[in-house]
1. Give me the number: length gained by fully extending Phe21 to Thr108, i.e. 0.36 nm times residue separation minus the C-alpha to C-alpha distance, one decimal in nm.
2. Please turn the phi angles of the stretch 113-118 into ³J(HN,Hα) values with the Karplus equation 6.51 cos²θ - 1.76 cosθ + 1.60 (θ = phi - 60°), one per residue in order, whole Hz, x for glycine and proline.
3. Quick query: amide H of Glu151 versus all other amide H atoms, modeled in the peptide plane; which residues come in under 5 Å with a sequence gap of 5 or more or a different chain?
4. Among the GluC sites (Glu not before Pro) in the stretch 112-178, which ones are in a DSSP loop with at most 15 other Cβ atoms within 10 Å of the Cβ? Mind listing them?
5. Can you give the helix-only mean residue ellipticity at 222 nm for the chain, where every DSSP H stretch with n ≥ 4 adds -39500 (n - 2.57) and the sum goes over all residues, rounded to the nearest 500 deg cm²/dmol?
6. Which percent, nearest 5, of DSSP beta bridges in the chain are antiparallel?
7. How big is the stretch 53-122 along each principal axis, measuring the range of its Cα positions in Å and listing the largest first?
8. Rounded to the nearest angstrom and ordered from largest down, what semi-axes does the equivalent ellipsoid of the chain get from its C-alpha gyration tensor (root of 5λ)?
Amino acid sequence: MRKPNLTPDDLAAVVRNIPDFPKPGIQFKDITPVLADPHLFAGCIDLLTANVLPGTIDAVVGIDARGFIFAAAAAFKLKAGFVPVRKKGKLPHQTYEETYDLEYGSSTVAIHIDAVHPGSRVLLVDDLLATGGTAGAAAKLLQKVGAEIVEVIFFIELGFLKGREQLKGFPVRSLVVY
Ligand code: AMP
C-alpha cells in the first residue's frame, strides 16, 4: 500500500549525490532510487501534479531525457497528451530549434512544429533545474508552437545556480530545492 502523506523530504532522502560525475566539480543528483521504488515514484508524480486538476491540461511536455520519465507519468495521470522536447537531430518531422549556452559551448533542443495546437495549455516538466538553459530554451520552443505554459515543474532545483532567471514570466515549482 502507498505510504500516506509522502513529502518532498521523503524523496530527497533517497536522491543519491554522486560527486564529480560526469565531470570534476559536478554534484550529480541521481534520481534512479526514487524511480525504482513504486511508492516513491507514484508519490513523486502525485506531488508534481498536485496543483493541476485532471482534464485541465492538453499536454505535458518533457525534456530529453530524464524529463520524459516524469512528464509521461504525469500526462497519464492528468489524462493529457505527452510531447517531447528532444536534443537536436532526434525528431523525425519538421522542427523548431533553440540553442542555449553551456559552461563550455552550446546545445540545441527541438520540438515538432505541430507538437501542440496553438493555444494548448501545457505543463513543462524536467527532472532538475540547474542553470535553466535547457528549460529556458524549451519554454521558448513552446512559445514558438503557440502553447500556453501553465506551470514549469521540476523534481529538483539547484537554487544556487539561479535557473529561475531563465524562466521569468512563468510559474515555476520544484519539489526539492538544494
Ligand atoms: P540546466 O540547463 O543547466 O538547467 O541543466 C538542466 C539539465 O541538465 C537537466 O535536464 C538535468 O537532467 C541535467 N543536470 C544538470 N545538472 C545536474 C546535476 N547536478 N545532477 C543531475 N542532472 C543535472
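The values are calculated or read from the model by the stated rules, or taken from the named source; none is laboratory data. All values reported here derive from a predicted model rather than from experimental measurement. Virtual Cβ from ideal backbone geometry, glycine too; neighbours counted across all protein chains shown. Side chains are part of the model used for accessible areas, which takes the heavy atoms of the whole protein and leaves out ligands, DNA and RNA. Shrake-Rupley method; radii C 1.70, N 1.55, O 1.52, S 1.80 Å.
1. Details: separation 87, 0.36 × 87 = 31.32 nm, distance 2.19 nm.
Answer, rounded to one decimal: 29.1 nm.
2. Values, residue by residue: 4, 10, 4, 9, 6, x Hz.
3. Leu124
4. Numbers: sites: Glu148, Glu151, Glu157, Glu165; in loops: none.
Here no loop site has a sparse enough neighbourhood.
5. On the way: 5 runs with 46 residues, N = 178.
The helix contribution divided over the chain gives -7500 deg cm²/dmol.
6. Working: 13 of 35 bridges.
Of the beta bridges lying entirely in the chain, close to 35 percent run antiparallel.
7. In descending order, the Cα extents are 40, 23, 19 Å.
8. Numbers: eigenvalues 119, 91, 38 Å².
Working from the Cα gyration tensor, I get semi-axes of 24, 21, 14 Å.
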